[in-house]
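Asker: Sharing a structure here in structure tokens format.
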Amino acid sequence: MSDREIAIEMRGIHKIYPDGVIALRDVDFIVYKGEIHGLLGENGAGKTTLMRILYGEIKATRGIIKIFGKRVKFHGPWDAIRHGIGMVYQHFTLVPTFTVEENLYLSYVSIEPKATIDDVREKVKKLMDELGLKVPLNAVVETLPVGVQQRVEIIKTLLRNARILILDEPTSVLTPIETKELFNALRKLKEAGITIIFITHKLREVKEITDRVTVLRRGRHVGTVVTDKVTQKDLARMMVEREVVFKIEKKPKEPGEPVFIVKDLWVRDDRGLMAVKGVSFELRKGEILGLAGVQGNGQRELAEALAGVRIVERGKIYLYGKDITRLPASRRYSLGLAYVPDSRRVGLIFDMNIIENTVLTNMYRVITRTRRIKWGAASKYANEVIDKLEVIAPGITSPIKYLSGGNQQKIMVGREIIREPTVFIVAEPTRGLDVAATEFIRKTLLALRDQDKAILLISTDLDEIMQLSDRIAVIYEGKIMAIGKPEEFTLERLGLLMGGVVES
Amino acid sequence: MSPKEIKYKLALFTRKTRLTFIIEKIRVKYVDYLTAALEIILSATVGFLIAAILLYFMGYDPYEVFSILFRYGYGNIGYLLSKSVPYIMTAMAFSIPSLAGVFNIGGESQLYVGAFVALLVTYYTVNPVLGLLAGIVAGGGLGLFISILRVYRNINEVIAAIMINWTIYFLMVYLITGIFYDPKIPHQSIQVPKSAWLGEFLSPWGRIKVSFVLAVIGALVIYYILYYTNLGYLLRVSGLSPLSARYAGYNPKKAVLYSMLLGGAMAGLGGALLIIGDVHNIDSTMSTLYGLGFTGIGIGLLGRNHPIGIIFAAIFFSGLMIGGQWVELKTGAPPQLTDTIIGIIVIALAIPYAYRMLISMIRRWRMK
């Protein structure tokens, strides 16, 4: 293999963000010409960061990049494009109301200002004949299925003479048939000598399409292997294996009766595609049900549907036996449901102060019959949050944006706790927090469990799931793959399930 | 205690060390006020400096111009305050929707319909209260109409409002010259009957118009709604972060509708107050009304989109307008020059806030 020509050589890549987060640590990444190279890893493993560095969107803190043996320094994507690198994002960059032809022309004139639309048509036709990729040139983009739009994106990059194609989670938007078509197309491109980097977290696809695969874990390069020589289990282990960070004491506890029941829930995402496909589970008093899964497998849509922020397509949600499927979020909150969203940008209003942010989900408790807000009562609640969760803040009238991430998170969790709800839906409660804040939040969740609350913990952090859960469920592409006690799951099995491998 | 816990407690303690804690407290608590004050002083300096340089090169004495501007502009308190009434209202017509994330450029036409409907209703009923209410309803209705187009038909509110502005403008010119003209003075509309005029009252600062008091009350009501009610909270949350609003169980679309309803109602009230309380009729070229709505945008920004701030901004601006006319009179400067001077000062004062608003608007669009 070593005599093959190297297309991309990235060595010793470090990326440290200005806020001190280390995204990549000494990563080597070598891709041979004309291969399909998988890039595998969990969320936050650094896949996208690495590729954005390769595409010139961001600069590496340290490290060297060679393209076809030539040392390069990219100042922006235009430099990468000039060196024959093309990127196809998860979210397409096509003008929806233009025809395919017009879109291709639009992107082509950026490198060839004198080209006419007829030139482009000629060129595209030739390209499509050579590669056997077909797209309808006169169709308006928004009328095309997603799979075809993606093909347009690929042709768009090839039209700009891309010899290296980066595909960022290309199958996440596709139906299984479209995925098959994409794979056929990729194989043809490979025959034509195009080098393809395929970012994914789906193990099956890695096995199916790639020649070699590089695994990243927490910003480190775990290994690069020839796909045929490893099993899905090996890959899963490489992806999730870890040293235990710290242990939290957890008292054994018998869960009580089910209080929150979800039956065959179907929910659409923002693009109108089904994101949650028939999820059912029961949440019992005094238990933490951990929902593990790679980001973007329907967790957010599920959580939003449960909280009442997103419309349920089909299925039922029961809280204490009462059907709440059609109730608005504010009603559910007053019935004893609490939802802590996965993003502080959603849960908090950064320009408002602590009192105003406390009110956000506690409105029904501070409002008079004349729709007036009792700011006095609101301040009392804000102080309660600060006391209970040991928030470090200069005062309750200081804007949330001046607090640290950990303290912001405490406010978001705390304002739910003071309401004393009985069912908690908590998404990514410790994302981006330091060790102390993480530990505090996790201990708080356990304390709530010990107070007989029912908690649904949605997290992409396997440590968190393993540490806290009384039961674990794994979600993949909107479906629950398995549900059971933590003892039934090894890390390897979790990795396989999260990668979509169904057990036989 | 585990070593981790000790470390955490220690961190907590050091962070709470008295002096740093107090400094931090002051910094966070007053940082916004301090930066705001600094901002205003700085932009005022820059604005007046540029204006002074311009005046100098045009051959006028900046000191003389400014002293006339301020002496005469702010000399007659009663006149100053009555002049500020429509500006207060149209500024709120801009600011309320702007807090909810909507750009209302339709304050102009909302003021027109408010003024016109108030004129008709008071003319026929001889009841100023009914007239004011009619003005509020008319302006609010027009604002609501624009927001309905935006929410249910996805029509850009700016384009819709601009088109409606001109439609209403010409419709009114037609109505005033063609149907509701004064038989004795045909280039004017019918007049509000004298018994329905809003009067004046005597105060230590001279004669103050009742319409100004009503305008201030209007601003206070809006202040109350924005900062002390569920509705105002909904508007502000939706404006700052539509996603958070959805999370809290609010419907951000409702915020768009309500904010435009309130904003339009304020512009309508502004028109009604102007007609019933001050000018009593509309001339056929609409010169008494034209431009008040657009100017409101600048004043809204000058007042930092805050009802109380808007009152002061409107008074400040009215002073510049009045003073500007005196400058023309006394120095023979052309009106274009005084308008430019006023424009430079207002823009310099409004720019920092406008810039921040623009940035946050862009951020909001990206988040959607």
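We did not get these values from a lab; they are worked out from the coordinates using the rules stated. Because the structure is predicted, anything quoted here is derived from the model rather than measured. Counting neighbours? That spans all protein chains shown, and the Cβs are built from the backbone with ideal geometry, glycine included.
Asker: Would it be correct to say that B:Gly293 is under 30 Å from A:Leu360 (Cβ atoms) and either touching a Leu at 6+ places or on another chain (Cβ under 8 Å) or buried (at least 23 other Cβ atoms within 10 Å of the Cβ) (or both)?
Answerer: no
Asker: Tell me, yes or no, whether segment B:268-275 has at least one residue that is away from chain A (no Cβ under 14 Å) and closer than 30 Å to B:Phe66 by Cβ.
Answerer: Among the residues of segment B:268-275, at least one is away from chain A (no Cβ under 14 Å) and closer than 30 Å to B:Phe66 by Cβ, which makes the answer yes.
Asker: Considering A:Gly308, A:Gly315, A:Gly293, which residue is among the small types (Gly, Ala, Ser) and surrounded by fewer than 24 Cβ atoms within 10 Å (Cβ to Cβ)?
Answerer: A:Gly315
Asker: Right, here's the next one. Can you confirm whether A:Glu428 is closer than 27 Å to A:Ile355 by Cβ, among the charged types (D, E, K, R) and touching a strand residue (DSSP E or B) at 6+ places or on another chain (Cβ under 7 Å)?
Answerer: For A:Glu428, the condition - closer than 27 Å to A:Ile355 by Cβ, among the charged types (D, E, K, R) and touching a strand residue (DSSP E or B) at 6+ places or on another chain (Cβ under 7 Å) - is met.
Table: residues versus (1) out of contact with any Asp or Glu (no Cβ under 9 Å at 6 or more places or on another chain); (2) in a helix (DSSP H, G or I).
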residue	(1), (2)
B:Lys184	yes, no
B:Gln191	no, no
B:Ala215	yes, yes
B:Leu220	yes, yes
B:Tyr223	yes, yes
B:Tyr227	yes, yes
B:Val237	no, yes
B:Ser244	yes, yes
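Asker: Filter segment B:244-261 down to the residues that are within 30 Å of B:Thr122 (Cα to Cα) and more than 14 Å from every other protein chain (Cβ to nearest Cβ), then identify the one that is surrounded by the fewest Cβ atoms within 10 Å (Cβ to Cβ).
Answerer: Step by step, filter segment B:244-261, then rank; the result is B:Leu257.
Asker: Further question: Which residues, counting only those in segment B:71-102, are in a helix (DSSP H, G or I), under 22 Å from the mean Cα position of the chain (by Cα), within 21 Å of B:Trp205 (Cβ to Cβ) and not charged (D, E, K, R)?
Answerer: B:Gly73, B:Ile77, B:Gly78, B:Tyr79, B:Leu80, B:Leu81, B:Ser82, B:Ser84, B:Val85, B:Pro86, B:Tyr87, B:Ile88
Asker: Still on this structure, I have one more. Among the residues of segment A:320-339, is there at least one that is of a type outside the set (Phe, Trp, Tyr), closer than 24 Å to A:Val474 by Cβ, touching a helix residue (DSSP H, G or I) at 6+ places or on another chain (Cβ under 9 Å) and not in a strand (DSSP E or B)?
Answerer: no
Asker: I'd like the residue in segment A:164-210 that is touching a Phe, Trp or Tyr at 6+ places or on another chain (Cβ under 8 Å) and among the charged types (D, E, K, R) and, out of all such residues, is surrounded by the fewest Cβ atoms within 10 Å (Cβ to Cβ).
Answerer: Out of the qualifying residues, it is A:Glu208.
Asker: Further, regarding this structure: A:Glu416 is checked against (1) of a type in the set (Asp, Glu); (2) within 11 Å of chain B (Cβ to nearest Cβ); (3) assigned to a helix (DSSP H, G or I) and fails just one. What number does that condition carry?
Answerer: (2)
Asker: What number goes with the only condition from (1) hydrophobic (A, V, I, L, M, F, W, C); (2) surrounded by fewer than 23 Cβ atoms within 10 Å (Cβ to Cβ); (3) at negative phi that B:Ile299 does not pass?
Answerer: Exception for B:Ile299: condition (2).
Asker: Every residue in segment A:112-139 that is of a type in the set (S, T, N, Q) and within 36 Å of the chain's Cα centre (by Cα), please.
Answerer: Scanning segment A:112-139 gives a single hit, A:Asn138.
Yes/no per residue for (1) assigned to a strand (DSSP E or B); (2) aromatic (Phe, Trp, Tyr):
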residue	(1), (2)
A:Val222	yes, no
A:Ala236	no, no
A:Ile248	no, no
A:Glu254	no, no
A:Val259	yes, no
A:Val262	yes, no
A:Trp266	yes, yes
A:Arg271	no, no
A:Gly278	yes, no
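Asker: Looking only at segment B:103-134, how many residues end up being part of a loop (DSSP other than H, G, I, E, B) and closer than 30 Å to B:Arg304 by Cβ?
Answerer: Count: 4.
Asker: Another question, then. For segment A:373-405, give me the residue count where each residue is among the hydroxyl-bearing types (Ser, Thr, Tyr), closer than 25 Å to A:Leu337 by Cβ and facing chain B (nearest Cβ under 10 Å).
Answerer: 0
Asker: Taking the conditions exactly as written (within 14 Å of another protein chain (Cβ to nearest Cβ), in a loop (DSSP other than H, G, I, E, B) and surrounded by fewer than 23 Cβ atoms within 10 Å (Cβ to Cβ)), does A:Thr370 satisfy them or not?
Answerer: Against the criterion (within 14 Å of another protein chain (Cβ to nearest Cβ), in a loop (DSSP other than H, G, I, E, B) and surrounded by fewer than 23 Cβ atoms within 10 Å (Cβ to Cβ)), A:Thr370 qualifies.
Asker: When the residues of segment B:233-243 are filtered to those that are at the interface with chain A (Cβ under 8 Å from one of its Cβ atoms) and surrounded by fewer than 24 Cβ atoms within 10 Å (Cβ to Cβ), which remaining residue is nearest to A:Arg371 (Cα to Cα)?
Answerer: Only one residue fits best here, namely B:Arg236.
Asker: Go through (1) on the phi > 0 side of the Ramachandran plot; (2) in a helix (DSSP H, G or I) and name the single condition A:Asn161 misses.
Answerer: So the condition that A:Asn161 fails would be (2).
Asker: How many of the residues in segment A:373-399 are more than 19 Å from A:Thr438 (Cα to Cα) and assigned to a helix (DSSP H, G or I)?
Answerer: Residues that pass the stated criteria total 10.
Asker: Counting only residues that are hydroxyl-bearing (Ser, Thr, Tyr) and touching a strand residue (DSSP E or B) at 6+ places or on another chain (Cβ under 8 Å), how many does segment A:108-167 have?
Answerer: Matching residues across segment A:108-167 total 1.
Asker: Tell me yes or no: at least one residue of segment A:96-111 is more than 25 Å from the chain's Cα centre (by Cα) and among the small types (Gly, Ala, Ser).
Answerer: So far as segment A:96-111 goes, yes, one or more of its residues are more than 25 Å from the chain's Cα centre (by Cα) and among the small types (Gly, Ala, Ser).
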